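Down below is the structure, laid out as structure tokens.
A short reminder: the numbers here are calculations on the coordinates, not readings from a lab. None of the values given here were measured: they were computed from a predicted structure. No Cβ is skipped: glycine too gets one built from the backbone with ideal geometry, and neighbour counts run over all protein chains shown.
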Amino acid sequence: MGVKSSIKSLAPDVLEQLQALLRDPRVTQLAATAQINAILAGAGDAPVSKSAVNRYAVQMDQIGAKLTQSRAIADMWIGKIGNEPQGKVGALLNEVVRNLAFEAAISLSEDETPADPKLIKALAEAVEKLERGANLNEKRVQDMRKQAVAEATEKAADIAKRSGLSSDAIAAFKREMLGVADAA
């Protein structure tokens, strides 16, 4: 196991300053290292090396690239699926996480060393939470559909009443529409 990075041992406020310097395209890594080391020297702390700053910057760039890629993929799928982020996109994300959990389980089962019981438990809990969330989302979508049909039915019944439709016809219309909502 390697030595802990000097960057990870920085105080949170110094780390934030380093991150801000690394995000600024006008500041080189050498300049960022020099500024951070000046701050550390003033506090009586050990300096960070240029290579540690470089490794940290590369790592942050890789994480940033993955986030950018994830956002681009999400934007592409949202554009393709449409305007139902609560429904279809949520289902898509659930499916992606299910596949990741499945791949992790397969990988664990193919490994010759026994799997850590804590890892198996964490995987099982993740799948359980995922399924519970999917069920909650499905119930929420169904409730929203019922509410929308009920509101539309009331508006239509109000219009029908103002147009002179009989009370019996309006009641039959409501029963028919709300029966359709229960089936949806």
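Note on M60/A38: beta-carbon distance plugged into 1/(1 + (r/R0)^6) with R0 of 22 Å gives a FRET efficiency of 0.55. Cross-link partners among aspartates and glutamates for K155, C-alpha distance below 17 Å, same-chain residues fewer than 8 apart left out? List returned: D168, E176.
Straight Cα distances below 29 angstrom link K129 to the lysines K66, K80, K88, K118, K121, K139, K146, with same-chain residues fewer than 8 positions distant left out.
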